[in-house]
Amino acid sequence: MNLSIIIPLLNEEESLQELQNWILTVMKANNYSYEIIFIDDGSTDKSWSIIEQLSIENSNVKGIRFLKNFGKSQALHAGFAKAQGDVIITMDADLQDSPNEIPELYDMIINQKFDLVSGWKKKRYDSVFAKNIPSKLFNWAARKTSGVQLNDFNCGLKAYKNIVVKNIEVSGEMHRYIPVLAKNAGFGKIGEKVVLHQPRKYGETKFGMDRFINGFLDLITIWFLSRFGKRPMHLFGALGSLMFIIGFLSAGFIGIMKLYKLYHDLPYGLVTNNPWFYISLTTMIIGTQLFLAGFLGEIILRTKNNEERYKISETTK
Ligand code: UDP
Ligand code: MG
């Protein structure tokens, strides 16, 4: 199969039929073998019954329905797990992304051997203050923290080699950082293509200003993953050990002073009922706990890596 087109959606009943027709025109014109996977991320409108209808009419159309709204990242992840095409395309359901871009994206993956190509909405049709300015700031910060040089991290239209989507785990709000996850997983050939972006035809945006707050918080995770990608838990181990050593040294020092006090008369209150002694003990305990948290994380990470190795052998069959 040439293409899997993955479309996450939340309450987009007005757009689905039109989007599907448009995609089919492009598929036919280029003679692609394809599947379209709609992921209904907990819609409360008629979206799901429309998807069911579309899949009855066309056996290349598949649907996944979530019990509730889990977010775009989880929706994409479910689509990635199901996708069978050589090239995976993700696009929004609201007709803002154009299916006409698909052939060129496909070509960049297959012939130019990109691992991932990300759309760049150079000309956006959203209000300047709600989106464009925060979005510029956001993309700048994302480039700085991740080292991935994209102009537009947020574009829903992207193309991937199949093996890439099978080897990344998209959770939380991470859908904006899939290129970073891909780079961390070892897929370094990442491209960008200017794509046509259109105003929303029906309904309204599902993301508010809170996306930027969540997006910026995720930057910390991304920075952390890029920086300590192989051994993120070593940071906790190191921090824990350091706290333990500081606590141990200061508690030891105070303890020795206390013993010393038994034999010599020291000037007032340095050692009796010294709160610093208890603070030192607490520091040691917290240090131990941090260290153990890091250790636990390390164990979990190792089991997870095994699972990932399994996935690779599955997809290269
Ligand atoms: N979406 C989703 N789950 C959500 C929010 C949005 O699947 O929790 C879908 C939405 O239906 C659309 C795509 O993600 O297909 C992009 O959302 P939207 O158009 O609201 O974002 P914007 O274009 O304003 O960035
Ligand atoms: Mg949109």
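Below are the figures for this structure:
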item	result
Answer residue from region 194-241, given it is modelled with pLDDT of 80 or more and among the polar types (S, T, N, Q) and is farthest from ligand 2 (Cβ to nearest atom) among those	241
Elements of type helices (runs of 4 or more DSSP H) contained in region 124-200, each with 2 or more residues being within 14 Å of ligand 1 (Cβ to nearest atom) and surrounded by 14 or more Cβ atoms within 10 Å (Cβ to Cβ)	133-146
Subset of region 29-43 [of a type in the set (D, E, K, R) and farther than 12 Å from residue 78 by Cβ]	35
Failed item, numbered, when residue 78 is tested on (1) open to solvent by 40 Å² or more (accessible area, probe 1.4 Å); (2) farther than 19 Å from residue 197 by Cβ; (3) out of contact with any helix residue (DSSP H, G or I) (no Cβ under 9 Å at 6 or more places or on another chain)	(1)
Single condition residue 57 does not satisfy, out of (1) within 16 Å of ligand 2 (Cβ to nearest atom); (2) open to solvent by 40 Å² or more (accessible area, probe 1.4 Å)	(1)
Any helices (runs of 4 or more DSSP H) falling wholly within region 8-119 and containing at least 2 residues that are touching a residue at least 40 places away in the same chain (Cβ under 8 Å), assigned by the TED database to the domain that holds residue 150 and under 24 Å from residue 200 (Cα atoms)	16-30, 72-82, 102-110
Residue match in region 23-41 (condition: away from ligand 2 (no atom under 16 Å from the Cβ), surrounded by 17 or more Cβ atoms within 10 Å (Cβ to Cβ) and basic (Lys, Arg))	no
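The values are calculated or read from the model by the stated rules, or taken from the named source; none is laboratory data. Computed from a prediction, not measured in an experiment: that's the story for all the values here. Cβ coordinates were reconstructed from backbone atoms using ideal geometry, including for glycine residues, and neighbour counts include every protein chain displayed. Ligands, DNA and RNA are excluded from the accessible area calculation, which covers all protein heavy atoms including side chains. Shrake-Rupley method; radii C 1.70, N 1.55, O 1.52, S 1.80 Å.
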